[in-house]
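Accompanying notes for the structure given below.
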Amino acid sequence: MQLGEGRRSPSLRGRLTQAVCAVLAAQAGVVGASAAAGVADPATTSGAGDDVPNWQFDAAGLVYGEAGRAKVVEPNARITRLFGNGARIGATLGLDLVTGASPTGGIASTEIHTTTSASGRVKTDAVGIVPTNQFQDHRASFDLEWTQPYTRWLTTSFGSHVSREKDYRSLGGTGKVSFAFMRGLLTLNLGGGYDSDEVEPTGGFRVPLSDGTVLEDGTVRAKHSKTALLGVSRVLSRRWLVGLDFTRMAEDGYLTEPYKVLSVVDPETGDPVGELTESRPSTRLRYDVLASSVYHFDTDILYASERFYWDDWGIVSTTTDLKYRHDLYDDRYIEPHIRFYAQSKADFFHYSLVQGEELPAFASADGRLGSLRTVSLGATYGFHLPDRPGEWAVRAEYMSQWGDGHPSDAIGNQQNVDLAPPVSIGSVVVAYSLRF
Amino acid sequence: MKSPRARHCRLLILLLPLTFLGGCATMDVQPWDRDLLAEEAMSFSPEPMITAIDNHIYFSKEGSTGGQEVGGGGCGCN
(Lines give C-alpha, C1' and ligand atoms only; values in the text may rest on other atoms or scores of the structure.)
Protein backbone atom coordinates (compact mmCIF):
# COMPACT_ATOMS: atom_id res chain seq x y z
CA MET A 1 0.00 0.00 0.00
CA GLN A 2 2.17 2.75 -1.32
CA LEU A 3 0.98 5.83 -3.04
CA GLY A 4 4.07 6.35 -5.19
CA GLU A 5 4.91 9.90 -4.36
CA GLY A 6 6.19 10.97 -7.72
CA ARG A 7 3.38 9.75 -9.84
CA ARG A 8 0.87 12.46 -9.24
CA SER A 9 3.29 15.15 -10.25
CA PRO A 10 2.53 16.17 -13.81
CA SER A 11 5.72 18.19 -14.00
CA LEU A 12 8.48 17.48 -16.45
CA ARG A 13 10.87 17.08 -13.55
CA GLY A 14 8.78 14.30 -12.04
CA ARG A 15 8.49 12.48 -15.34
CA LEU A 16 12.22 12.70 -15.93
CA THR A 17 13.00 11.45 -12.42
CA GLN A 18 10.83 8.40 -12.91
CA ALA A 19 12.28 7.73 -16.32
CA VAL A 20 15.83 7.90 -14.96
CA CYS A 21 14.87 5.49 -12.19
CA ALA A 22 13.42 3.11 -14.73
CA VAL A 23 16.53 3.25 -16.90
CA LEU A 24 18.84 2.69 -13.93
CA ALA A 25 16.71 -0.20 -12.78
CA ALA A 26 16.68 -1.82 -16.17
CA GLN A 27 20.47 -1.59 -16.38
CA ALA A 28 20.93 -2.94 -12.89
CA GLY A 29 18.58 -5.82 -13.56
CA VAL A 30 16.67 -5.12 -10.40
CA VAL A 31 13.25 -6.65 -10.09
CA GLY A 32 11.18 -5.30 -7.26
CA ALA A 33 7.56 -4.95 -6.37
CA SER A 34 6.62 -4.23 -9.95
CA ALA A 35 8.20 -7.43 -11.20
CA ALA A 36 5.02 -8.32 -13.01
CA ALA A 37 5.45 -5.20 -15.07
CA GLY A 38 9.03 -6.02 -15.84
CA VAL A 39 10.24 -2.83 -14.26
CA ALA A 40 11.95 -2.03 -11.02
CA ASP A 41 10.57 -0.90 -7.73
CA PRO A 42 11.91 2.63 -7.42
CA ALA A 43 11.99 2.44 -3.66
CA THR A 44 14.45 -0.41 -3.66
CA THR A 45 16.67 0.49 -6.53
CA SER A 46 20.13 1.81 -6.18
CA GLY A 47 20.83 5.23 -7.44
CA ALA A 48 18.33 7.04 -5.27
CA GLY A 49 21.00 8.19 -2.87
CA ASP A 50 20.72 8.06 0.89
CA ASP A 51 16.92 8.18 0.84
CA VAL A 52 16.61 4.50 0.00
CA PRO A 53 14.55 2.91 2.81
CA ASN A 54 15.78 -0.24 4.46
CA TRP A 55 12.57 -1.31 6.13
CA GLN A 56 8.88 -1.29 5.45
CA PHE A 57 6.16 -1.66 8.06
CA ASP A 58 2.62 -2.52 7.04
CA ALA A 59 -0.42 -2.96 9.23
CA ALA A 60 -4.03 -3.66 8.37
CA GLY A 61 -7.04 -4.21 10.57
CA LEU A 62 -10.35 -5.72 9.52
CA VAL A 63 -13.73 -5.33 11.16
CA TYR A 64 -16.28 -7.63 9.54
CA GLY A 65 -19.91 -8.33 10.28
CA GLU A 66 -22.72 -10.41 8.80
CA ALA A 67 -26.24 -9.34 9.61
CA GLY A 68 -27.33 -11.62 12.45
CA ARG A 69 -24.36 -13.92 12.05
CA ALA A 70 -20.56 -13.88 12.37
CA LYS A 71 -18.45 -10.96 13.52
CA VAL A 72 -14.70 -10.84 12.89
CA VAL A 73 -11.87 -8.60 14.04
CA GLU A 74 -8.60 -9.31 12.24
CA PRO A 75 -5.43 -7.28 12.87
CA ASN A 76 -2.34 -7.99 10.74
CA ALA A 77 1.17 -6.55 10.88
CA ARG A 78 4.13 -7.09 8.60
CA ILE A 79 7.74 -6.00 8.72
CA THR A 80 9.88 -6.21 5.58
CA ARG A 81 13.62 -5.79 5.20
CA LEU A 82 14.43 -4.14 1.87
CA PHE A 83 17.78 -4.69 0.23
CA GLY A 84 19.41 -2.49 -2.35
CA ASN A 85 19.44 -5.17 -5.01
CA GLY A 86 15.67 -5.59 -4.87
CA ALA A 87 15.68 -8.52 -2.45
CA ARG A 88 13.24 -8.46 0.43
CA ILE A 89 12.44 -10.59 3.44
CA GLY A 90 9.17 -10.12 5.26
CA ALA A 91 7.36 -11.52 8.28
CA THR A 92 3.62 -11.18 8.88
CA LEU A 93 1.69 -11.80 12.07
CA GLY A 94 -2.09 -12.07 11.96
CA LEU A 95 -4.92 -12.66 14.39
CA ASP A 96 -8.57 -13.58 13.81
CA LEU A 97 -11.18 -13.13 16.48
CA VAL A 98 -14.49 -14.63 15.39
CA THR A 99 -17.79 -14.67 17.26
CA GLY A 100 -21.43 -14.95 16.33
CA ALA A 101 -23.60 -17.46 14.57
CA SER A 102 -23.03 -19.80 11.66
CA PRO A 103 -25.67 -21.69 9.63
CA THR A 104 -25.95 -25.30 10.74
CA GLY A 105 -26.98 -26.53 7.30
CA GLY A 106 -30.49 -27.21 8.54
CA ILE A 107 -33.36 -26.07 6.36
CA ALA A 108 -35.60 -23.10 7.08
CA SER A 109 -39.13 -24.13 7.94
CA THR A 110 -42.55 -22.75 7.12
CA GLU A 111 -43.57 -23.13 10.74
CA ILE A 112 -42.01 -22.69 14.13
CA HIS A 113 -40.28 -25.95 14.84
CA THR A 114 -38.11 -27.49 17.46
CA THR A 115 -35.30 -29.90 16.67
CA THR A 116 -32.75 -31.79 18.67
CA SER A 117 -29.22 -31.34 17.40
CA ALA A 118 -26.66 -34.12 17.10
CA SER A 119 -25.18 -33.09 20.43
CA GLY A 120 -28.59 -33.41 22.10
CA ARG A 121 -29.33 -29.71 22.36
CA VAL A 122 -32.93 -28.67 21.76
CA LYS A 123 -33.45 -25.64 19.49
CA THR A 124 -36.47 -23.64 18.38
CA ASP A 125 -36.33 -21.89 15.00
CA ALA A 126 -38.68 -19.20 13.72
CA VAL A 127 -40.51 -19.26 10.36
CA GLY A 128 -38.24 -18.69 7.37
CA ILE A 129 -35.16 -18.33 9.48
CA VAL A 130 -32.10 -20.36 8.57
CA PRO A 131 -31.01 -22.27 11.71
CA THR A 132 -27.68 -21.19 13.16
CA ASN A 133 -25.37 -22.16 15.97
CA GLN A 134 -23.44 -19.75 18.13
CA PHE A 135 -19.69 -20.14 18.02
CA GLN A 136 -16.49 -18.43 19.05
CA ASP A 137 -13.00 -18.97 17.71
CA HIS A 138 -9.67 -17.27 17.36
CA ARG A 139 -6.82 -17.87 14.99
CA ALA A 140 -3.19 -16.79 14.96
CA SER A 141 -0.98 -16.97 11.89
CA PHE A 142 2.66 -16.26 11.08
CA ASP A 143 4.06 -15.94 7.55
CA LEU A 144 7.57 -15.55 6.20
CA GLU A 145 8.41 -14.54 2.64
CA TRP A 146 11.65 -14.03 0.80
CA THR A 147 12.07 -12.55 -2.66
CA GLN A 148 15.47 -12.68 -4.30
CA PRO A 149 16.42 -11.40 -7.76
CA TYR A 150 19.51 -13.05 -9.23
CA THR A 151 19.82 -11.50 -12.64
CA ARG A 152 17.72 -9.16 -14.72
CA TRP A 153 15.72 -12.16 -15.92
CA LEU A 154 15.45 -14.45 -12.90
CA THR A 155 13.72 -13.88 -9.56
CA THR A 156 12.67 -16.41 -6.92
CA SER A 157 10.17 -16.08 -4.10
CA PHE A 158 9.73 -18.45 -1.19
CA GLY A 159 7.21 -18.36 1.61
CA SER A 160 6.02 -20.35 4.57
CA HIS A 161 3.12 -20.04 6.94
CA VAL A 162 1.84 -21.56 10.12
CA SER A 163 -1.54 -20.92 11.70
CA ARG A 164 -3.46 -22.27 14.63
CA GLU A 165 -7.06 -22.05 15.68
CA LYS A 166 -9.09 -23.97 18.21
CA ASP A 167 -9.87 -26.92 15.98
CA TYR A 168 -7.55 -26.42 12.99
CA ARG A 169 -3.83 -26.20 12.35
CA SER A 170 -2.08 -25.33 9.11
CA LEU A 171 1.55 -25.51 8.05
CA GLY A 172 2.65 -24.78 4.50
CA GLY A 173 5.22 -23.49 2.09
CA THR A 174 5.29 -21.88 -1.34
CA GLY A 175 7.86 -21.26 -4.02
CA LYS A 176 7.79 -19.25 -7.22
CA VAL A 177 10.29 -18.62 -10.01
CA SER A 178 9.88 -15.67 -12.37
CA PHE A 179 11.62 -15.46 -15.72
CA ALA A 180 11.68 -12.11 -17.52
CA PHE A 181 11.99 -11.96 -21.29
CA MET A 182 12.04 -9.21 -23.88
CA ARG A 183 13.85 -6.81 -21.53
CA GLY A 184 11.19 -7.29 -18.90
CA LEU A 185 8.15 -6.89 -21.12
CA LEU A 186 7.19 -10.55 -20.75
CA THR A 187 7.35 -12.42 -17.44
CA LEU A 188 6.75 -16.13 -16.92
CA ASN A 189 5.87 -17.32 -13.42
CA LEU A 190 6.09 -20.93 -12.22
CA GLY A 191 5.02 -21.69 -8.69
CA GLY A 192 3.98 -24.38 -6.29
CA GLY A 193 2.68 -24.70 -2.76
CA TYR A 194 2.05 -27.40 -0.20
CA ASP A 195 -0.11 -27.22 2.92
CA SER A 196 -0.31 -29.84 5.59
CA ASP A 197 -3.29 -29.15 7.81
CA GLU A 198 -4.86 -30.92 10.78
CA VAL A 199 -8.51 -30.89 11.78
CA GLU A 200 -9.45 -31.49 15.40
CA PRO A 201 -13.17 -30.78 15.79
CA THR A 202 -14.64 -30.14 19.18
CA GLY A 203 -16.52 -33.23 20.24
CA GLY A 204 -14.67 -35.55 17.85
CA PHE A 205 -15.50 -36.91 14.42
CA ARG A 206 -19.12 -37.86 14.01
CA VAL A 207 -20.02 -40.71 11.70
CA PRO A 208 -21.01 -39.22 8.31
CA LEU A 209 -24.70 -39.16 7.47
CA SER A 210 -25.63 -40.26 10.98
CA ASP A 211 -27.57 -38.64 13.77
CA GLY A 212 -24.19 -37.63 15.21
CA THR A 213 -24.40 -39.67 18.38
CA VAL A 214 -21.74 -42.14 17.27
CA LEU A 215 -18.14 -40.99 16.98
CA GLU A 216 -15.38 -42.35 14.77
CA ASP A 217 -11.96 -43.27 16.10
CA GLY A 218 -9.33 -40.58 16.53
CA THR A 219 -9.37 -36.92 17.39
CA VAL A 220 -7.13 -35.48 14.65
CA ARG A 221 -7.26 -35.93 10.89
CA ALA A 222 -5.04 -34.63 8.13
CA LYS A 223 -5.82 -32.48 5.13
CA HIS A 224 -3.28 -31.75 2.40
CA SER A 225 -3.27 -29.20 -0.41
CA LYS A 226 -0.89 -29.17 -3.35
CA THR A 227 -0.98 -26.15 -5.64
CA ALA A 228 0.72 -25.49 -8.96
CA LEU A 229 0.69 -22.15 -10.79
CA LEU A 230 1.65 -21.19 -14.30
CA GLY A 231 1.37 -17.51 -15.11
CA VAL A 232 2.47 -15.03 -17.69
CA SER A 233 2.31 -11.25 -17.66
CA ARG A 234 2.93 -8.93 -20.58
CA VAL A 235 3.51 -5.23 -20.93
CA LEU A 236 1.44 -4.32 -23.96
CA SER A 237 2.19 -0.62 -23.98
CA ARG A 238 3.50 2.18 -21.81
CA ARG A 239 0.10 2.19 -20.11
CA TRP A 240 -1.12 -1.38 -20.21
CA LEU A 241 -0.15 -4.52 -18.33
CA VAL A 242 -2.01 -7.83 -18.69
CA GLY A 243 -1.64 -11.23 -17.05
CA LEU A 244 -2.93 -14.75 -17.38
CA ASP A 245 -2.60 -17.28 -14.56
CA PHE A 246 -3.59 -20.92 -14.38
CA THR A 247 -3.79 -22.65 -11.01
CA ARG A 248 -4.37 -26.29 -10.12
CA MET A 249 -5.01 -27.32 -6.53
CA ALA A 250 -5.35 -30.91 -5.35
CA GLU A 251 -6.76 -31.49 -1.88
CA ASP A 252 -7.04 -34.74 -0.01
CA GLY A 253 -7.85 -35.86 3.49
CA TYR A 254 -10.65 -34.76 5.76
CA LEU A 255 -12.60 -32.22 3.71
CA THR A 256 -15.93 -32.55 5.51
CA GLU A 257 -17.23 -29.63 7.56
CA PRO A 258 -17.43 -31.35 10.97
CA TYR A 259 -20.19 -29.21 12.48
CA LYS A 260 -22.58 -29.02 9.51
CA VAL A 261 -25.77 -31.05 9.25
CA LEU A 262 -28.57 -31.68 6.76
CA SER A 263 -32.24 -31.69 7.59
CA VAL A 264 -34.23 -34.85 7.05
CA VAL A 265 -37.68 -33.77 5.87
CA ASP A 266 -41.12 -35.23 5.64
CA PRO A 267 -41.74 -36.45 2.05
CA GLU A 268 -45.15 -34.73 1.92
CA THR A 269 -44.83 -31.46 3.85
CA GLY A 270 -41.09 -30.85 3.39
CA ASP A 271 -40.85 -29.88 7.04
CA PRO A 272 -37.78 -31.06 8.99
CA VAL A 273 -38.18 -34.11 11.16
CA GLY A 274 -34.52 -34.61 12.08
CA GLU A 275 -30.91 -33.97 11.16
CA LEU A 276 -27.97 -35.95 9.81
CA THR A 277 -24.30 -35.09 9.76
CA GLU A 278 -22.92 -34.19 6.35
CA SER A 279 -20.44 -36.17 4.25
CA ARG A 280 -18.01 -34.96 1.58
CA PRO A 281 -15.51 -36.74 -0.67
CA SER A 282 -11.95 -37.07 0.63
CA THR A 283 -10.39 -35.56 -2.50
CA ARG A 284 -10.99 -32.39 -4.45
CA LEU A 285 -9.34 -31.15 -7.62
CA ARG A 286 -9.69 -27.44 -8.31
CA TYR A 287 -8.70 -25.41 -11.36
CA ASP A 288 -8.90 -21.75 -12.17
CA VAL A 289 -7.83 -19.35 -14.89
CA LEU A 290 -7.38 -15.70 -13.98
CA ALA A 291 -7.10 -12.99 -16.61
CA SER A 292 -5.97 -9.61 -15.29
CA SER A 293 -5.48 -6.18 -16.77
CA VAL A 294 -4.07 -2.93 -15.39
CA TYR A 295 -4.47 0.13 -17.57
CA HIS A 296 -3.07 3.58 -16.78
CA PHE A 297 -4.99 6.56 -18.09
CA ASP A 298 -3.43 10.00 -17.84
CA THR A 299 -3.70 9.93 -14.08
CA ASP A 300 -6.22 7.22 -13.17
CA ILE A 301 -5.79 3.45 -13.25
CA LEU A 302 -8.32 0.75 -14.15
CA TYR A 303 -7.87 -2.74 -12.68
CA ALA A 304 -9.95 -5.52 -14.22
CA SER A 305 -9.88 -9.26 -13.75
CA GLU A 306 -11.98 -12.24 -14.69
CA ARG A 307 -11.57 -15.62 -12.99
CA PHE A 308 -13.03 -18.85 -14.25
CA TYR A 309 -13.05 -21.72 -11.74
CA TRP A 310 -14.12 -25.33 -11.83
CA ASP A 311 -13.59 -28.43 -9.67
CA ASP A 312 -14.46 -32.10 -9.62
CA TRP A 313 -17.16 -31.54 -7.00
CA GLY A 314 -19.21 -29.93 -9.75
CA ILE A 315 -18.78 -26.28 -8.83
CA VAL A 316 -18.23 -23.87 -11.72
CA SER A 317 -17.82 -20.20 -10.96
CA THR A 318 -16.96 -16.89 -12.56
CA THR A 319 -15.67 -13.80 -10.80
CA THR A 320 -15.54 -10.34 -12.32
CA ASP A 321 -13.58 -7.73 -10.40
CA LEU A 322 -13.24 -4.05 -11.31
CA LYS A 323 -11.42 -1.24 -9.52
CA TYR A 324 -10.89 2.30 -10.69
CA ARG A 325 -8.23 4.37 -8.95
CA HIS A 326 -8.90 8.08 -9.27
CA ASP A 327 -6.30 10.53 -8.08
CA LEU A 328 -7.59 13.41 -6.03
CA TYR A 329 -5.14 15.94 -4.66
CA ASP A 330 -2.15 16.01 -2.34
CA ASP A 331 -1.35 12.32 -2.86
CA ARG A 332 -4.89 11.22 -2.11
CA TYR A 333 -6.92 8.81 -4.15
CA ILE A 334 -10.32 7.15 -4.17
CA GLU A 335 -10.75 3.68 -5.60
CA PRO A 336 -14.31 2.36 -6.14
CA HIS A 337 -14.59 -1.41 -6.35
CA ILE A 338 -17.26 -3.72 -7.73
CA ARG A 339 -17.21 -7.50 -7.83
CA PHE A 340 -19.64 -10.06 -9.21
CA TYR A 341 -19.44 -13.73 -8.29
CA ALA A 342 -21.61 -16.61 -9.49
CA GLN A 343 -21.23 -20.31 -8.83
CA SER A 344 -23.17 -23.47 -9.62
CA LYS A 345 -23.85 -26.03 -6.92
CA ALA A 346 -21.75 -29.04 -6.05
CA ASP A 347 -23.03 -32.38 -7.28
CA PHE A 348 -23.80 -33.56 -3.74
CA PHE A 349 -25.41 -30.36 -2.49
CA HIS A 350 -28.94 -30.88 -1.12
CA TYR A 351 -31.06 -28.52 0.89
CA SER A 352 -32.45 -31.55 2.68
CA LEU A 353 -32.70 -35.33 2.54
CA VAL A 354 -36.08 -37.01 2.31
CA GLN A 355 -37.13 -39.31 5.10
CA GLY A 356 -37.33 -42.93 3.98
CA GLU A 357 -35.23 -42.52 0.85
CA GLU A 358 -31.87 -44.20 0.35
CA LEU A 359 -29.00 -42.08 1.58
CA PRO A 360 -26.48 -40.84 -1.02
CA ALA A 361 -22.77 -41.48 -0.62
CA PHE A 362 -22.09 -37.77 -0.10
CA ALA A 363 -24.37 -34.96 0.92
CA SER A 364 -23.97 -31.43 2.23
CA ALA A 365 -26.32 -28.51 2.78
CA ASP A 366 -23.48 -26.01 3.28
CA GLY A 367 -24.61 -22.90 1.42
CA ARG A 368 -21.08 -22.32 0.15
CA LEU A 369 -21.48 -25.46 -1.95
CA GLY A 370 -24.88 -24.44 -3.32
CA SER A 371 -25.82 -22.17 -6.19
CA LEU A 372 -24.60 -18.79 -5.11
CA ARG A 373 -24.36 -15.18 -6.16
CA THR A 374 -22.31 -12.46 -4.51
CA VAL A 375 -22.24 -8.78 -5.33
CA SER A 376 -19.67 -6.58 -3.61
CA LEU A 377 -19.55 -2.79 -3.68
CA GLY A 378 -16.90 -0.77 -1.97
CA ALA A 379 -14.24 1.88 -2.13
CA THR A 380 -10.74 2.57 -0.85
CA TYR A 381 -9.58 6.01 0.19
CA GLY A 382 -5.81 6.57 0.35
CA PHE A 383 -4.23 9.54 2.04
CA HIS A 384 -1.34 11.01 4.01
CA LEU A 385 -1.76 12.63 7.39
CA PRO A 386 -0.27 16.15 7.36
CA ASP A 387 3.28 16.25 8.70
CA ARG A 388 3.15 12.55 9.54
CA PRO A 389 5.13 9.79 7.85
CA GLY A 390 3.51 6.85 6.16
CA GLU A 391 0.45 6.27 4.06
CA TRP A 392 -3.05 5.31 5.05
CA ALA A 393 -5.85 3.54 3.27
CA VAL A 394 -9.40 2.91 4.42
CA ARG A 395 -11.44 0.34 2.54
CA ALA A 396 -15.17 -0.13 3.17
CA GLU A 397 -17.18 -2.79 1.41
CA TYR A 398 -20.71 -4.11 1.35
CA MET A 399 -21.48 -7.62 0.15
CA SER A 400 -24.81 -9.20 -0.60
CA GLN A 401 -24.92 -12.95 -1.03
CA TRP A 402 -27.85 -15.15 -1.93
CA GLY A 403 -28.56 -18.59 -3.30
CA ASP A 404 -31.21 -20.38 -5.30
CA GLY A 405 -33.87 -20.07 -2.63
CA HIS A 406 -36.68 -21.63 -4.66
CA PRO A 407 -35.25 -24.79 -6.26
CA SER A 408 -37.42 -26.84 -8.57
CA ASP A 409 -37.21 -29.88 -6.30
CA ALA A 410 -38.56 -28.08 -3.22
CA ILE A 411 -41.00 -30.26 -1.33
CA GLY A 412 -44.37 -29.18 0.07
CA ASN A 413 -44.05 -26.20 2.37
CA GLN A 414 -40.49 -25.58 1.20
CA GLN A 415 -41.97 -23.98 -1.89
CA ASN A 416 -43.31 -21.16 0.26
CA VAL A 417 -39.97 -20.26 1.83
CA ASP A 418 -36.78 -18.69 0.51
CA LEU A 419 -34.38 -21.51 1.35
CA ALA A 420 -31.32 -19.31 0.77
CA PRO A 421 -32.25 -15.79 1.84
CA PRO A 422 -29.84 -12.93 1.14
CA VAL A 423 -27.07 -12.29 3.62
CA SER A 424 -25.75 -8.76 4.06
CA ILE A 425 -22.10 -8.37 4.97
CA GLY A 426 -20.18 -5.22 5.80
CA SER A 427 -16.45 -4.85 6.30
CA VAL A 428 -13.96 -2.06 6.92
CA VAL A 429 -10.19 -2.33 6.56
CA VAL A 430 -7.78 0.32 7.82
CA ALA A 431 -4.25 -0.06 6.47
CA TYR A 432 -1.03 1.79 7.16
CA SER A 433 2.33 1.59 5.43
CA LEU A 434 5.64 3.18 6.34
CA ARG A 435 9.08 2.93 4.79
CA PHE A 436 12.06 3.96 6.83
CA MET B 1 -29.12 -22.27 -11.46
CA LYS B 2 -26.32 -22.87 -13.95
CA SER B 3 -23.61 -20.25 -14.31
CA PRO B 4 -24.89 -18.06 -17.14
CA ARG B 5 -21.50 -16.61 -18.01
CA ALA B 6 -19.56 -19.85 -18.24
CA ARG B 7 -19.70 -19.99 -22.03
CA HIS B 8 -18.52 -16.42 -22.39
CA CYS B 9 -15.75 -17.04 -19.94
CA ARG B 10 -14.48 -20.06 -21.87
CA LEU B 11 -14.42 -17.89 -24.98
CA LEU B 12 -12.47 -15.25 -23.10
CA ILE B 13 -9.95 -17.85 -21.97
CA LEU B 14 -9.45 -18.97 -25.55
CA LEU B 15 -9.03 -15.44 -26.83
CA LEU B 16 -6.68 -14.13 -24.18
CA PRO B 17 -3.56 -15.99 -25.37
CA LEU B 18 -4.15 -14.41 -28.75
CA THR B 19 -4.05 -11.05 -27.03
CA PHE B 20 -0.61 -11.93 -25.68
CA LEU B 21 0.60 -13.00 -29.09
CA GLY B 22 -0.82 -9.87 -30.60
CA GLY B 23 0.96 -7.86 -27.96
CA CYS B 24 4.30 -9.21 -29.18
CA ALA B 25 3.73 -7.36 -32.41
CA THR B 26 3.13 -4.03 -30.74
CA MET B 27 5.71 -1.30 -30.48
CA ASP B 28 8.43 -1.97 -27.95
CA VAL B 29 8.29 -0.11 -24.63
CA GLN B 30 11.70 1.34 -24.00
CA PRO B 31 13.07 1.79 -20.45
CA TRP B 32 12.66 5.57 -20.67
CA ASP B 33 8.99 5.02 -21.50
CA ARG B 34 8.31 3.03 -18.36
CA ASP B 35 7.57 5.91 -16.01
CA LEU B 36 3.96 4.85 -15.63
CA LEU B 37 4.81 1.17 -15.40
CA ALA B 38 7.32 1.93 -12.63
CA GLU B 39 4.60 3.22 -10.34
CA GLU B 40 3.75 0.85 -7.53
CA ALA B 41 0.09 1.21 -8.30
CA MET B 42 0.79 -0.34 -11.71
CA SER B 43 0.73 -3.92 -10.49
CA PHE B 44 -1.95 -6.58 -10.22
CA SER B 45 -2.03 -6.27 -6.43
CA PRO B 46 -0.77 -2.86 -5.32
CA GLU B 47 -2.20 -3.26 -1.82
CA PRO B 48 -1.27 -6.83 -0.89
CA MET B 49 -2.42 -6.76 2.71
CA ILE B 50 -5.89 -5.52 1.80
CA THR B 51 -6.01 -8.01 -1.05
CA ALA B 52 -5.08 -10.83 1.32
CA ILE B 53 -7.84 -9.84 3.73
CA ASP B 54 -10.38 -9.62 0.90
CA ASN B 55 -9.35 -13.01 -0.43
CA HIS B 56 -9.75 -14.49 3.04
CA ILE B 57 -13.30 -13.12 3.20
CA TYR B 58 -14.22 -14.46 -0.23
CA PHE B 59 -12.57 -17.81 0.49
CA SER B 60 -14.60 -18.25 3.66
CA LYS B 61 -17.92 -17.28 2.06
CA GLU B 62 -17.74 -18.95 -1.36
CA GLY B 63 -16.96 -22.35 -2.82
CA SER B 64 -14.09 -21.23 -5.06
CA THR B 65 -10.51 -20.21 -4.59
CA GLY B 66 -7.50 -19.45 -6.73
CA GLY B 67 -5.87 -16.57 -8.54
CA GLN B 68 -2.24 -15.55 -8.39
CA GLU B 69 -1.44 -17.26 -5.11
CA VAL B 70 -0.07 -20.77 -4.70
CA GLY B 71 -0.91 -21.39 -1.06
CA GLY B 72 -3.98 -22.90 0.51
CA GLY B 73 -6.40 -21.03 2.69
CA GLY B 74 -4.57 -21.91 5.87
CA CYS B 75 -7.78 -21.93 7.84
CA GLY B 76 -10.68 -24.20 8.55
CA CYS B 77 -13.25 -21.77 7.26
CA ASN B 78 -13.92 -23.69 4.02
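Observations, loosely collected:
- Approximate spin-label separation A:Val52-A:His384, in nm, with each point projected 7 Å along Cα-to-Cβ: 2.2 nm
- Charge tally in the Cβ shell below 13 Å around A:Val242, where Lys, Arg are +1 and Asp, Glu are -1, A:Val242 excluded: 0
- Residues in region A:419-436 reached by a label modelled at A:Thr99 [backbone nitrogen below 20 Å; 7 Å Cα→Cβ]: A:425-429
- Number of partner chain Cβ atoms within 10 Å, mean per residue of A:302-312: 4
- Surface analysis of chain A yields an accessible area of 44 Å² per residue, using protein heavy atoms and a 1.4 Å probe.
- Inter-centroid distance (Cα atoms) of region A:129-153 relative to region A:209-234, Å: 16 Å
- Note on A:216-228: average number of Cβ atoms from other chains within 10 Å of each residue's Cβ is 1.
- Charge tally in the Cβ shell below 14 Å around B:Ile50, where Lys, Arg are +1 and Asp, Glu are -1, B:Ile50 excluded: -4
- Euclidean distance of C-alpha centroids, region A:70-96 and region A:389-421, integer Å: 31 Å
- Average Cα contact separation per residue, region A:308-436, under 8 Å, 6 or more apart, as relative contact order %: 20 percent
- When the square roots of the Cα gyration tensor eigenvalues are ordered a ≥ b ≥ c, the ratio a/c for region A:161-247 is 1.5 or more and a/b exceeds b/c, which makes its shape prolate.
- Legend: mean number of C-beta atoms from other chains within 10 angstrom of residue C-beta atoms, peptide A:317-325, equals 4.
- Chain A: angle of helix A:12-28 to the longest principal axis, Cα-based, in degrees nearest 10: 80 degrees
- Within region A:310-348, the trypsin sites (Lys or Arg not before Pro) that combine a DSSP coil assignment with at most 16 other C-beta atoms in a 10 angstrom radius are A:Arg332.
- Label point at A:Ile79 placed 7 Å out along Cα→Cβ; residues across region A:159-189 whose backbone nitrogen lies under 20 Å: A:159-163
- Top of A:Thr213, A:Thr155, A:Thr318 by mean-square fluctuation, Gaussian network on chain A, Cα under 10 Å: A:Thr213
- For region A:5-435, the share of accessible area belonging to carbon and sulfur comes to 60 percent (1.4 Å probe, ligands and nucleic acids excluded).
- When only Cα pairs below 8 angstrom with a gap of at least 6 residues are kept, chain A shows a relative contact order of 14 percent.
- The residues neighbouring B:Pro31, those whose beta-carbon lies less than 12 Å from its own, together hold a net charge of +1 under the Lys/Arg +1, Asp/Glu -1 convention.
- Where A meets B: accessible area buried, both sides, 1.4 Å probe, Å²: 7600 Å²
- Of A:Met182, A:Met399, A:Met249, the one that fluctuates the most in a GNM where chain A has Cα springs shorter than 10 Å: A:Met182
- Shape box of region A:5-435 [Cα atoms, principal axes, largest first, Å]: 77, 42, 37
The values are calculated or read from the model by the stated rules, or taken from the named source; none is laboratory data. Bear in mind the structure is a predicted one, so any value in this text is a computation, not a measurement. Virtual Cβ from ideal backbone geometry, glycine too; neighbours counted across all protein chains shown. Note: areas computed on protein heavy atoms with side chains; ligands, DNA, RNA excluded. Shrake-Rupley method; radii C 1.70, N 1.55, O 1.52, S 1.80 Å.
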